[in-house]
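Notes follow once the structure below has been shown.
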Amino acid sequence: MNALRLASLNENHLARTIVSVGDVRFGQDFVVIAGPCSVESEEQTLKTAREVKAAGAHMLRGGAFKPRTSPYDFQGLGLQGLKILEKARQATGLPIVTEVTDPRDVSWVSEYADVLQIGTRNMQNFSLLKEVGKADRPVLLKRGMYSTLNEWLNCAEYILAAGNPDVILCERGIRTFETYTRNTLDLSIVPCVKETSHLPVIVDPSHGTGRLSIIEPMSLAAMAAGADGIMVEVHCRPAEAVCDRDQAMPPKMFGGLMKKLNLLRSSMGGFNHEFMH
Ligand code: PEP
Ligand code: MN
């Protein structure tokens, strides 16, 4: 059997991985990543970045390469989008997470991104995983929408085995028979990751539900389940969002969510889930 040599939590590897991105510590603090689904313009990205920063977000998200279901949908601004994200980082000090979709782009996208995101559709793109495994940037590895925990952790193993120890897992919902929500957010995977792996795990309740009205309760539930953070899509003008409009959160609502997360965290105090037997 090919066990997970590097990704698993076991007698030889009891220490939990902490991934540092500037002042942000995944695996130590509860990290909130917020920002638009896609970088649409400098004005939209900077305005959204300033608003999420004011509300207390720790990192900025925004896609410059968008893997879309239809080839006729907006595909992202590419290099121009990365340059806009760089300006947003300069303006706010927030580190940037952005998706990379092609192994040939990894080295130059790394010049702009603080964290490289691998999307759900590319979770098992093994040549891409090997390439980000060689990059000197942490990797946010989203769970494939059809993937088991073991398949997901094996993808993390590809990155670790290629030499990059900084992997953050991200649950973003899986396909089930339920259609009311865009995906079924599998919050039970959070404690499952914690009892099998030392890697930090965050939750994306935006893609996980696709419904603005339930992003807040799912974010709070993610914290209660022991997640190391969340990633939420926020847009300065949700009605105009080019991509994923139905789940775009207005900045004011995001501010309310941050307050509730802080309240929950303080009421949880030093509470820690114990996973090792
Ligand atoms: C995203 O976070 O921008 C995204 C496309 O998410 P996913 O890969 O989970 O669909
Ligand atoms: Mn999106």
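In table form, for the structure just shown:
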quantity	calculated
C-alpha center-to-center spacing [region 140-201, region 1-50] in angstrom	12 Å
Cα→Cβ-extended label distance, 7 Å offset, between residue 74 and residue 267, nm	3.7 nm
Over region 19-263, volume per residue of the alpha carbon convex hull, in Å³	114 Å³
Extension gain (nm, one decimal) between residue 83 and residue 108, 0.36 nm per residue minus Cα-Cα	7.8 nm
Heavy-atom accessible area ranking, 1.4 Å probe, most first, across 230, 18	18, 230
Accessible-area ranking of 69, 176, largest first, probe 1.4 Å	69, 176
Surface share of carbon and sulfur [accessible, 1.4 angstrom probe, percent] for region 75-183	48 percent
Bridge type composition, region 19-263 - antiparallel percent by DSSP, nearest 5	15 percent
Under 25 Å, Cα to Cα: Lys pairs in region 19-263, sequence gap 8 or more or different chains	27
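The values are calculated or read from the model by the stated rules, or taken from the named source; none is laboratory data. Everything numeric here is computed off the predicted structure, so don't read it as measured data. All Cβ positions, even for glycine, are placed from backbone atoms using ideal geometry, and neighbour counts span all protein chains on display. Heavy atoms of the whole protein, side chains included, go into the accessibility calculation; ligands, DNA and RNA do not. Shrake-Rupley method; radii C 1.70, N 1.55, O 1.52, S 1.80 Å.
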